[in-house]
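Undergrad: Please read through the structure below; I'll follow up with questions.
A short reminder: the numbers here are calculations on the coordinates, not readings from a lab. Predicted, not measured: the structure shown is a model, and the values here were computed from it. When we count neighbours, we look across all protein chains shown, and the Cβ atoms used for this are built from the backbone with ideal geometry, even at glycine.
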Amino acid sequence: MSIYAIAFWVIAAVILGSAISIVTAQNLVHAAFFMVLTFFGVSGLYVLLEADFLAVVQILIYVGAIAVLMVFGVMLTQKKDMAQTNAFSRHKWLAGGIVASLMAILAYAVTRTPWNTVNQPAPDSTVGPIGELLLNNYVIAFEAVGILLLVAVLGAIILTKGERK
């Protein structure tokens with residue numbers, strides 16, 4: 001086996017283990033940290049695929065922003081008693097059956113799909129061409145998304161601040 005195959009299987013094991021830990025964790029903060037580990041693993045897969053832009057975006061957006069937001073959200077909305085926050089679910093077997101059937105459907109779809117392969121080598125870097133597209137052809141959409149995110153952050157600050165008494 002090559003070093004890439006070994007790295008893939010190690011990263012896949014980390015992703016699978018942390019994804020299972022997200023679902024089975026009793027503490028919501030621990031589940032959020034396992035989610036961060038899963039996001040790091042996915043960015044490692046992007047590195048193996050030589051998609052450097054996607055790997056960096058995965059780390060910056062998912063690990064840096066969404067996971068931190070989840071941790072803060074869990075910590076700020078937590079009730080006084082941890083047992084009230086983490087309600088016990090009696091539907092483990094039903095959820096397990098649904099997950100098993102979805103995995104069977106996905107496995108069937110993956111094994112029956114004719115995957116197209118390309119004989120061209122991967123580009124040296126994808127960051128430059130994507131950056132040029134974002135700042136030349138799609139600059140209006142890029143700026144609109146930035147304004148939308150700014151308005152969302154301002155709205156979140158106003159909502160969490162509350163009324164002055």
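Undergrad: Given charges of +1 on the Cβ of Lys and Arg and -1 on the Cβ of Asp and Glu, with all other atoms neutral, how large is the dipole of the chain about its Cα centre, in debye to the nearest 20?
TA: So the magnitude is around 940 debye.
Undergrad: Once Lys and Arg get +1 and Asp and Glu get -1 on their Cβ, which of TRP9, PRO121, PHE53 lies farthest toward the positive end of the dipole of the chain?
TA: TRP9
Undergrad: With contacts defined as alpha carbon pairs under 8 Å and 6 or more residues apart, what's the relative contact order of the chain in percent?
TA: Once divided by the residue count of the chain, the mean separation gives 17 percent.
Undergrad: If you count, for each residue, the other Cβ atoms within 10 Å and average over each peptide, how do 148-161, 36-49 line up from highest to lowest?
TA: Result, highest mean Cβ count within 10 Å first: 36-49, 148-161.
Undergrad: Could you tell me the largest-minus-smallest coordinate of the C-alpha atoms of region 124-165 on each of the three principal axes, in descending order and whole angstroms?
TA: Computed over the Cα atoms, the extents are 57, 21, 7 Å.
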